[in-house]
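Undergrad: To start, I am sharing the structure in question, which I have written as structure tokens.
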Amino acid sequence: MRQKMNILFVISEAEPLIKVGGLGDVGGTLPLALINLPEDLTEQTEIDIKVVIPYHDHIKQKQWPVEPVASFQVLSRNGFIKTDVFRALNTDLPVFLVDGEPIRNTGTYNNNTYIDTKKYTYFSVAALAFCRTIKWKPDILHAHDWHTAAAIQKLSQIRSYDTFFSHTKSLFTIHNLPYSGGNHPDILYLFDIHQAFDPEIPDFMRNLPMAIGLDAADHINTVSKTYAEEILTDGFGNGYQNYLRSHSEKVSGIINGIMMDQWNPSAEKVLYKNYSVDTLSDRIENKRMLQQEMWLSQKDQTILFVMVGRMTYQKGFDLCVQALRQMRDQDWQIIILGTGEDSIQKACLSLSNEFPDRVRTELRYDEPLSRRMYAGGDVLLMPSRYEPCGIAQMISMLYGCIPVACSTGGLKDTIKDPFDHPTDYTGFLFSNPDVSAAEWAIRRSIAYYQDQQNWSQIQIRAMKQDFSWRNSAKEYFDLYKSLQICE
Ligand code: GLC
């Protein structure tokens, strides 16, 4: 008999509806990869996924077409909260949007932690109530990051007496451990969510959404195997390391995939010239035109670095800014793109001021430009202090832009350095997130770049890699299955 598996996939972002960071990529792509797993890999199991996200202001402003599917009340200690759920149309993704007063006029993420924590706690509880309303019993609750942790905790509280959820198992995926949510016990009380009780969780962290999710989850995973190991250590555990170490049997890692057809330099319309491994010599046109677009001198031999992403402490842009400052003796150019924390934006701008003929800093989110940078840049700098998975390094490799990155989390798991892989390396790693280590790795990339024939071989190896979701989606499926059978 054909088996069925119902997966409630609760997350704060899912592209194409809403994407602030890499979480939105996963929310929009992993569910599709699961649905599209070939039957022989799923033993004919019919996978039914419902992706549930908040009906963010931004989605309403975009006027994304929706249809109403359910209306119900969510209980709080201040009375009922009227809740509506809509299904998003015009997308293959089975995505459902939860709307209610705590979600409205809050932005996607709110700087006020009280508003944010209330929004997401309500959302998490509403996602479970939605299943009951439409009489759809989830086998797996798959929740992501602190925003949806309350769903995990609520489930563990009710399933002992509530037959509707008595067979539902929970998986909590950590995309970014240091983001724990706000410390607001009154919000937990409002929705009758217990605090984390495990003795290994520090007292002052018991009310944090991340803590309650970790504590109550049947299984915890992160988005790379290395990050799954790192979070057990004092350096990366953010206060949860003792808890995670004492429950290490329920912690694992699965690397994120990407939708390979969305990142294809041979078909991309926004590039100056399309190319593939077979027409790699055409790639130089993209470099020349990018230099022109950015008012940099058009020099084929000068190595062109690119740095793209959110300008947060995590991403470590400041390390490379300082390293490059110390490399006046070398010939290089760099284009930096992104927005974020003031101090990091200022650090990037000050490099532009010091090296007006070599550096361009563009403080904005601009996806077409980022694609032209991957296509025209020689090297991507990705000096993250920690990186649970990371997506830019995978995209840049598929575009033949070779990464220089810190050897952490998903960067370590997706980039091969010549030291460990003398014949099939695809990038350059440095082991400590500090300026001299970054400088050393950047200098190595420049040295390798001088041998253009070998460089083309590195590019070809990088471009030929398979970063598709297929293997990881299968790992998720197997994990769901293993949770389903353990009573
Ligand atoms: C977070 C992490 C990033 C990861 C993404 C998706 O943004 O910082 O490393 O790739 O989540 O899992």
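The values are calculated or read from the model by the stated rules, or taken from the named source; none is laboratory data. Just so we're clear, the structure is a prediction, and the values are computed from it rather than from any experiment. With ideal geometry, Cβ positions are generated from the backbone for all residues, glycine too; neighbour counts draw on all protein chains shown.
Undergrad: So which residues in the stretch 261-271 are away from the ligand (no atom under 16 Å from the Cβ) and either in contact with a strand residue (DSSP E or B) (Cβ under 9 Å, 6 or more places away or on another chain) or free of Cβ contacts under 8 Å to residues at least 24 places away in the same chain (or both)?
TA: To start, the set of residues in the stretch 261-271 that are away from the ligand (no atom under 16 Å from the Cβ) comprises 261, 264-271.
Once the filter is applied, which keeps residues that are away from the ligand (no atom under 16 Å from the Cβ) and either in contact with a strand residue (DSSP E or B) (Cβ under 9 Å, 6 or more places away or on another chain) or free of Cβ contacts under 8 Å to residues at least 24 places away in the same chain (or both), the stretch 261-271 yields D261, S266, A267, K269.
Undergrad: Moving on to the next point. Select, from H219, H142, H167, the only residue that is touching a helix residue (DSSP H, G or I) at 6+ places or on another chain (Cβ under 6 Å) and either under 18 Å from L479 (Cβ atoms) or not acidic (D, E) (or both).
TA: Details: H142 fails: touching a helix residue (DSSP H, G or I) at 6+ places or on another chain (Cβ under 6 Å); H167 fails: touching a helix residue (DSSP H, G or I) at 6+ places or on another chain (Cβ under 6 Å).
Of the residues listed, the single one that is touching a helix residue (DSSP H, G or I) at 6+ places or on another chain (Cβ under 6 Å) and either under 18 Å from L479 (Cβ atoms) or not acidic (D, E) (or both) is H219.
Undergrad: So which residues in the stretch 138-156 are touching a Gly at 6+ places or on another chain (Cβ under 9 Å) and hydroxyl-bearing (S, T, Y)? I'd like the intermediate steps shown before the answer.
TA: Step one: list which residues in the stretch 138-156 are touching a Gly at 6+ places or on another chain (Cβ under 9 Å), which gives 143-153.
Passing the criteria: only T148.
Undergrad: Moving to a separate point now. Of all residues in the stretch 160-183, which are away from the ligand (no atom under 15 Å from the Cβ) and of a type in the set (F, W, Y)?
TA: Residues satisfying the conditions are Y161, F164, F165.
Undergrad: Right, another one. Would you check which residues across the stretch 403-415 are touching a residue at least 60 places away in the same chain (Cβ under 8 Å) and under 22 Å from D261 (Cβ atoms) and list them?
TA: G410, T414
Undergrad: Condition first: on the phi < 0 side of the Ramachandran plot, exposed (fewer than 14 other Cβ atoms within 10 Å of the Cβ) and not in a strand (DSSP E or B). Now tell me which residues in the stretch 79-100 satisfy that.
TA: Matches in the stretch 79-100: L89, D92.
Undergrad: May I pose another question? Quick test of your reading of the structure: A150 fulfils all but one of (1) within 16 Å of the ligand (Cβ to nearest atom); (2) surrounded by 24 or more Cβ atoms within 10 Å (Cβ to Cβ). Name the failing condition by number.
TA: (1)
Undergrad: Would you be able to say whether some residue in the stretch 68-78 is within 21 Å of L483 (Cβ to Cβ), hydroxyl-bearing (S, T, Y) and either buried (at least 18 other Cβ atoms within 10 Å of the Cβ) or touching a Lys or Arg at 6+ places or on another chain (Cβ under 9 Å) (or both)?
TA: First pass over the stretch 68-78, keeping only residues within 21 Å of L483 (Cβ to Cβ): none.
Checked the stretch 68-78: no residue is within 21 Å of L483 (Cβ to Cβ), hydroxyl-bearing (S, T, Y) and either buried (at least 18 other Cβ atoms within 10 Å of the Cβ) or touching a Lys or Arg at 6+ places or on another chain (Cβ under 9 Å) (or both).
Undergrad: For the stretch 36-51: of the residues being closer than 15 Å to D139 by Cβ and either assigned to a strand (DSSP E or B) or not polar (S, T, N, Q) (or both), which is nearest to the ligand (Cβ to nearest atom)? Before the answer, list the steps.
TA: First pass over the stretch 36-51, keeping only residues closer than 15 Å to D139 by Cβ: 42-43, 45-50.
Checking which are either assigned to a strand (DSSP E or B) or not polar (S, T, N, Q) (or both) leaves us with 43, 46-50.
Details: E43: 27, E46: 27, I47: 21, D48: 23, I49: 17, K50: 20 Å.
Going through the qualifying residues, I end up with I49.
Undergrad: Filter the helices (runs of 4 or more DSSP H) completely within the stretch 157-260 down to those with at least 3 residues that are within 14 Å of P388 (Cβ to Cβ), touching a residue at least 60 places away in the same chain (Cβ under 8 Å) and touching a Gly at 6+ places or on another chain (Cβ under 9 Å).
TA: Filter on the stretch 157-260 gives 225-230.
Undergrad: So if I check each of I59, I18, I49, I7, which one is touching a Ser or Thr at 6+ places or on another chain (Cβ under 7 Å) and surrounded by 18 or more Cβ atoms within 10 Å (Cβ to Cβ)? Spell out the reasoning first.
TA: Values: I59 fails: touching a Ser or Thr at 6+ places or on another chain (Cβ under 7 Å); I49 fails: touching a Ser or Thr at 6+ places or on another chain (Cβ under 7 Å); I7 fails: touching a Ser or Thr at 6+ places or on another chain (Cβ under 7 Å).
It is I18.
Undergrad: Tell me, yes or no, whether the stretch 282-297 has at least one residue that is within 16 Å of the ligand (Cβ to nearest atom), buried (at least 16 other Cβ atoms within 10 Å of the Cβ) and not in a helix (DSSP H, G or I). Even if it seems obvious, please write down each step before you answer.
TA: Residues of the stretch 282-297 that are within 16 Å of the ligand (Cβ to nearest atom), as a first pass: none.
No, because not a single residue in the stretch 282-297 is within 16 Å of the ligand (Cβ to nearest atom), buried (at least 16 other Cβ atoms within 10 Å of the Cβ) and not in a helix (DSSP H, G or I).
Undergrad: So, in the stretch 2-33, of the ones that are away from the ligand (no atom under 12 Å from the Cβ) and part of a helix (DSSP H, G or I), which residue ends up nearest to K135 (Cα to Cα)?
TA: P31
Undergrad: A follow-up question, please. Name every residue in the stretch 213-272 that is surrounded by 21 or more Cβ atoms within 10 Å (Cβ to Cβ) and among the charged types (D, E, K, R), in order of residue number.
TA: Those that are surrounded by 21 or more Cβ atoms within 10 Å (Cβ to Cβ) and among the charged types (D, E, K, R): D215, E230.
Undergrad: Can L232 be described as of a type in the set (A, V, I, L, M), over 23 Å from N110 (Cβ atoms) and assigned by TED's automatic domain parsing to the domain that holds G409?
TA: Working: of a type in the set (A, V, I, L, M): yes; over 23 Å from N110 (Cβ atoms): yes; assigned by TED's automatic domain parsing to the domain that holds G409: no.
When the stated conditions are applied, L232 does not pass them.
Undergrad: Across the stretch 170-228, what is the number of residues that are within 23 Å of the chain's Cα centre (by Cα), farther than 30 Å from Q393 by Cβ and among the hydroxyl-bearing types (S, T, Y)?
TA: 1
Undergrad: From I303, I258, grab the single residue that is hydrophobic (A, V, I, L, M, F, W, C) and either away from the ligand (no atom under 16 Å from the Cβ) or within 14 Å of Q333 (Cβ to Cβ) (or both). Quick ask: steps written out before the conclusion?
TA: Values: I258 fails: either away from the ligand (no atom under 16 Å from the Cβ) or within 14 Å of Q333 (Cβ to Cβ) (or both).
None of the others qualify; the one that does is I303.
Undergrad: Looking only at the stretch 268-281, which residues are in contact with a helix residue (DSSP H, G or I) (Cβ under 8 Å, 6 or more places away or on another chain) and part of a loop (DSSP other than H, G, I, E, B)? I'd like the intermediate steps shown before the answer.
TA: In the first step, residues of the stretch 268-281 are kept if they are in contact with a helix residue (DSSP H, G or I) (Cβ under 8 Å, 6 or more places away or on another chain); the result is 268, 270-277, 280.
Passing the criteria: E268, V270, L271, Y272, K273, N274, Y275, S276.
Undergrad: Just checking, how many residues over the stretch 377-428 are of a type in the set (G, A, S), out of contact with any Asp or Glu (no Cβ under 7 Å at 6 or more places or on another chain) and away from the ligand (no atom under 13 Å from the Cβ)?
TA: Looking only at that region, the number is 4.
Undergrad: Here is a further query. State whether one or more residues within the stretch 356-371 are polar (S, T, N, Q), assigned to a loop (DSSP other than H, G, I, E, B) and touching a residue at least 24 places away in the same chain (Cβ under 8 Å). Step through it out loud before you land on a result.
TA: Step one: filter the stretch 356-371 for residues polar (S, T, N, Q), giving 361, 370.
Applying the additional criterion that residues be assigned to a loop (DSSP other than H, G, I, E, B) yields none.
Within the stretch 356-371 (the criterion being polar (S, T, N, Q), assigned to a loop (DSSP other than H, G, I, E, B) and touching a residue at least 24 places away in the same chain (Cβ under 8 Å)), the answer is no, since none of the residues qualifies.
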